[in-house]
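The values are calculated or read from the model by the stated rules, or taken from the named source; none is laboratory data. These figures come from a predicted structure and were not determined experimentally. Glycine gets a Cβ as well: all are built from the backbone with ideal geometry, and neighbour counts include every protein chain shown.
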Amino acid sequence: MLSQANILQTVIVGGGSVGLLYAARLALAGETVTVVTRSSLQANQLSQNGITCTGLDGSTRVVPVLASPIERGLPQGNLYLLTVKQTDLPGLLPAIRQVNSSARVIALQNGMGHQELLSGVLSEEQIFFAINTEGARRLSGTEVVHTGSGILRVGAWENGSDMDPVISSFMKWASCAGIHSVFEKSMKPYAWRKLMANALINPLTALFEVPNGALLENPHTEKLMRELFTEASAVAEYAGQKMEEADWQEIVTICRNTSRNLSSMLQDVKRHKQTEVESINGYIVKQGQRANLPTPLHETLLRVITLKTSMGMWKEGGDSK
């Protein structure tokens, strides 16, 4: 049992797959959790029905949680987990700016660019970043499936000091929830590695509409992944982040461990929603342009996914008329 001093009031901002998975697992461990959703409908459903969470072993549990729509602002807490997509983060900045100075914020966004956004509204002491490699699939506003094991890495962006007391408590709760978590003093290198994984896996699964593991089952897609890795590695090295064979193997492992998972980008394409391709492959393209390094494969994926998304949104709009 954790002591009273370790009790957290955790606010999970975002009712997507990652937000629901972490909310359910932390609540099952005994932590006080409130989920902040985009819509009042989802908040009401969560408050009334809880989260139906299916674990890796296939067992299903219904987990009661508190829920509130973002239109009411952010509720009081001492720890905020930002699980929304990069595209939703700018609209949340006014609410995040009002977070108490003693509270801590952990950002779990894919891609790059969120560090600059959050640094504009929070003090350096308040902001922490996390890389999550566990797989999750949201079936509905109240249902989530844990589809793959992984690691949660948490820390300051770079050159962080010793662990913060609130973050220390969170890491203990995560351990109680069965989440393999590791504290890092500098998350920037891990953010680059996660960017690489997302840039290889997400757009290809979205383009071919297949689960993650299918990319390794076809020699052509695996070869394309390797070529994307080589192209992006040159950009990463220019930014001071050297990528090696071990980093490629880690991406393969992530793909294999989340073989049943539908990437967030694929889910967005299927739902005709805006994807995070601009902050993932688009970030690599922009950094390549600054370094005068060609990134034709990433630029092609950026254009194709953007086009595929816009065509889906246009078709949905046309069908509704």
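Structure values in brief
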item: GLY73 vs. criteria within 25 Å of LYS273 (Cα to Cα), surrounded by fewer than 20 Cβ atoms within 10 Å (Cβ to Cβ) and among the small types (Gly, Ala, Ser); result: yes
item: Residues of segment 90-112 that turn out to be assigned to a helix (DSSP H, G or I) and on the phi > 0 side of the Ramachandran plot, as a count; result: 0
item: Every residue from segment 140-183 that is assigned to a strand (DSSP E or B) and closer than 23 Å to ARG256 by Cβ; result: VAL144, VAL145, HIS146, THR147, GLY148, LEU152, ARG153, SER181, VAL182
item: Selection within segment 184-196 - outside any helix (DSSP H, G or I) and either without any contact (Cβ under 8 Å) to a residue 12 or more places away in the chain or buried (at least 20 other Cβ atoms within 10 Å of the Cβ) (or both); result: MET187
item: Matching residues in segment 6-36 - criterion: being of a type outside the set (A, V, I, L, M, F, W, C) and either surrounded by 19 or more Cβ atoms within 10 Å (Cβ to Cβ) or assigned to a helix (DSSP H, G or I) (or both); result: ASN6, THR10, GLY14, GLY15, GLY16, SER17, GLY19, TYR22, ARG25, GLU31, THR34
item: Which listed residue is in contact with a strand residue (DSSP E or B) (Cβ under 7 Å, 6 or more places away or on another chain), under 17 Å from ALA197 (Cα atoms), modelled with pLDDT of 90 or more and not small (Gly, Ala, Ser), from ILE127, ILE131, ILE106; result: ILE131
item: Test result for GLU237, at pLDDT 95 or above and over 23 Å from HIS114 (Cβ atoms); result: no
item: Tally of residues being aliphatic (A, V, I, L, M), within 12 Å of LEU152 (Cα to Cα) and touching a residue at least 24 places away in the same chain (Cβ under 8 Å) across segment 166-176; result: 1
item: Subset of segment 37-60 (residues that are more than 21 Å from the chain's Cα centre (by Cα), surrounded by 14 or more Cβ atoms within 10 Å (Cβ to Cβ) and not in a helix (DSSP H, G or I)); result: GLY50
item: Matching residues in segment 197-241 - criterion: being of a type in the set (Gly, Ala, Ser) and in a helix (DSSP H, G or I); result: ALA197, ALA199, ALA206, ALA214, ALA232, SER233, ALA234, ALA236
item: Considering residues of segment 61-87 that are in a helix (DSSP H, G or I) and out of contact with any strand residue (DSSP E or B) (no Cβ under 9 Å at 6 or more places or on another chain) only, the residue nearest to THR32 (Cα to Cα); result: GLU71
item: Some residue of segment 254-271 being surrounded by fewer than 17 Cβ atoms within 10 Å (Cβ to Cβ), over 27 Å from LEU89 (Cα atoms) and modelled with pLDDT of 95 or more; result: no
item: Qualifying residue in segment 262-285 (condition: over 29 Å from VAL144 (Cβ atoms), assigned by TED's automatic domain parsing to the domain that holds GLU217, without any contact (Cβ under 8 Å) to a residue 60 or more places away in the chain and not charged (D, E, K, R)); result: yes
item: Number of the condition not met by ALA136 [criteria: (1) at pLDDT 95 or above; (2) closer than 17 Å to LEU28 by Cα; (3) surrounded by 21 or more Cβ atoms within 10 Å (Cβ to Cβ)]; result: (1)
item: Of all residues in segment 210-244 being in contact with a Gly (Cβ under 9 Å, 6 or more places away or on another chain) and more than 24 Å from GLU134 (Cβ to Cβ), the one that is surrounded by the most Cβ atoms within 10 Å (Cβ to Cβ); result: VAL235
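The rows are residues; the columns are (1) closer than 19 Å to GLY111 by Cα; (2) in contact with an Asp or Glu (Cβ under 7 Å, 6 or more places away or on another chain); (3) of a type in the set (A, V, I, L, M, F, W, C).
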residue: LYS223; (1), (2), (3): no, no, no
residue: LEU228; (1), (2), (3): yes, no, yes
residue: ALA232; (1), (2), (3): yes, no, yes
residue: TYR238; (1), (2), (3): yes, no, no
residue: GLU244; (1), (2), (3): no, no, no
residue: TRP248; (1), (2), (3): yes, no, yes
residue: ILE254; (1), (2), (3): yes, no, yes
residue: THR258; (1), (2), (3): yes, no, no
residue: ASN261; (1), (2), (3): yes, no, no
